[in-house]
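Trainee: Quick one: this structure, given as structure tokens, is what I'll be asking you about.
The values are calculated or read from the model by the stated rules, or taken from the named source; none is laboratory data. All values derive from a computational prediction rather than experimental measurement. Here the Cβ positions follow ideal geometry from the backbone for every residue, glycine too, while neighbour counts run over all protein chains shown. Only protein heavy atoms, including side chains, enter the accessible area calculation; ligands, DNA and RNA are left aside. Shrake-Rupley method; radii C 1.70, N 1.55, O 1.52, S 1.80 Å.
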Amino acid sequence: MTPADLSRTVLRAVRRAIDADELRAVAPAAVGIRVPPHPGSGDYATEVALRLAKESGRPAREVAELLRRRLVREPGIARVDIAGPGFLNITLAGAPHARLVQDVLARRTDSEPLPLHPSDELVRRLGSDAARWSLVSPPGLDRGLLLVQREANPLFRVRYAHSRCRALLRNAHDLGFGPSVADGGEGTEGTDGPDLFGAGSGPLISGLADHPRIVAARDPERLARALERLADAFLRWQTSCPTLPRGDEKPSVVHRARLALAEATGTVLADGLHQLGITAPAHL
């Protein structure tokens, strides 16, 4: 079950509760799903019960319990817990984060470019890529910064993260292995998330899961900020979670899975840059 599948499943539970007159509210058009920020809080979380509580006039935890009872009966959902004021923390059966990476790699479709039209003067001054990024930059950003290859340049960080993803794939190929991730099975012992991808993978997984929702919004500035967060999450993760074998170490299931996560990240970064009309170089 992908995040999009889970969103539809939760929305279906909300609508059924409303149809059964268990909940007096108007069903939202969509349900937001995110990866919890802290390990041990389920695979995904939603605050839909808090939204419905305001409309129905009922306590949020009461609405959450009503939805929890319905969700635990859904195929693919192993457990649902209520946290805090009424968040639903959902644990899926199997290895959902591995399936998320598989889904990203299976899609490989380019999203439609967004309408960004920098002036000719701006293009002459900055070049096409930096000129386009400047249009989605926060007010007050020194546009000259977009021309330098340093960490303070958000465009450089996004493109550098993409090039690092591609470099890891090239280096792994030279070592004789490629990306591969399975949702359980021989060698993985059903591991997922931190066990398979490393303890720092949470924000990276969250960014990948959120990409379809960001794309659907068709908001260039929102997309640019999401790409920055994903790039920063990747650069932190690849520092703390080795993707390639070291020394005489042989490539393992974990190495292949982390390489798949890197490839999925590069795919999403390239797609986002393409939507902004910006090149995604394999070498930088």
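Trainee: Using +1 at the C-beta of Lys and Arg and -1 at the C-beta of Asp and Glu, which of PRO212, SER41, GLY198 has the Cα lying farthest in the positive direction of the dipole of the chain?
Mentor: The residue sitting most towards the positive pole is PRO212.
Trainee: A follow-up question, please. What ranking, highest mean first, results for peptides 248-258, 137-147 when packing means the other Cβ atoms within 10 Å averaged over each residue?
Mentor: Ranking the peptides 248-258, 137-147 by packing returns 248-258, 137-147.
Trainee: Another question, if that's okay. Starting from the Cα gyration tensor of the range 58-191, take the square roots of the eigenvalues, sort them a ≥ b ≥ c, and report rounded, prolate or oblate (rounded when a/c is under 1.5, otherwise prolate if a/b is larger than b/c, else oblate).
Mentor: Oblate is the answer for the range 58-191, as a/c is 1.5 or above yet b/c matches or exceeds a/b.
Trainee: In Å², and per residue, what accessible area does the chain have when probed at 1.4 Å with the other protein chains present?
Mentor: About 48 Å² of surface per residue is accessible.
Trainee: Now for a separate question. Compute and list, largest first, the equivalent-ellipsoid semi-axes of the range 1-123 from the alpha carbon gyration tensor, each √(5λ) rounded to a whole angstrom.
Mentor: 31, 20, 14
Trainee: Label ARG143 and LEU116 with points 7 Å out from Cα along Cα→Cβ: what is the distance between them in nm?
Mentor: It is 1.4 nm.
Trainee: For volume of the Cα convex hull per residue in Å³, the listed values are (1) 134; (2) 210; (3) 145; which was obtained by calculation from the structure presented?
Mentor: Derived directly from the coordinates: (3).
Trainee: Note down the accessible area of GLU112, probe 1.4 Å, to the nearest 10 Å².
Mentor: 130
Trainee: Sort 5-15, 225-235 for me by packing, meaning the mean count of neighbouring Cβ atoms within 10 Å per residue, highest on top. Can you show the working numbers first?
Mentor: Values: 5-15: 19.5, 225-235: 21.4.
Order by mean packing, descending: 225-235, 5-15.
Trainee: Tally up the carbon and sulfur contribution to the accessible surface of the chain as a whole percent, 1.4 Å probe, everything protein left in place.
Mentor: Carbon and sulfur together cover 50 percent of it.
Trainee: What is the Cα centroid distance between the range 31-70 and the range 109-166, reported in whole angstrom?
Mentor: Using only Cα atoms to place each centre, the spacing works out to 37 Å.
Trainee: Here is a further query. Only helices at least 15 Å long along their own axis, judged from Cα atoms, and with Kyte-Doolittle mean hydropathy of 0.0 or greater: name those in the chain from DSSP H. Present the calculation step by step, with values, prior to reporting the outcome.
Mentor: Values: long enough: 3-19 (24 Å, -0.13); 60-71 (16 Å, -0.48); 96-107 (16 Å, -0.10); 154-174 (30 Å, -0.63); 202-217 (23 Å, 0.64); 220-240 (30 Å, -0.51); 253-275 (33 Å, 0.38).
Membrane-span-like by this rule: 202-217, 253-275.
Trainee: Quick check for me: using +1 on Lys/Arg Cβ and -1 on Asp/Glu Cβ, what's the dipole size of the chain about its Cα centre, in debye to the nearest 20?
Mentor: 380
Trainee: Now a separate question. Answer with one residue from HIS162, GLY76, ALA25: the one whose Cα lies farthest towards the positive end of the charge dipole of the chain, charges on Cβ with Lys, Arg +1 and Asp, Glu -1.
Mentor: So the residue we want is ALA25.
Trainee: Here is a follow-up. Which shape class applies to the range 83-125: rounded if a/c is under 1.5, otherwise prolate when a/b exceeds b/c and oblate if not, where a ≥ b ≥ c are the square roots of the Cα gyration tensor eigenvalues?
Mentor: It comes out oblate by the Cα gyration axes.
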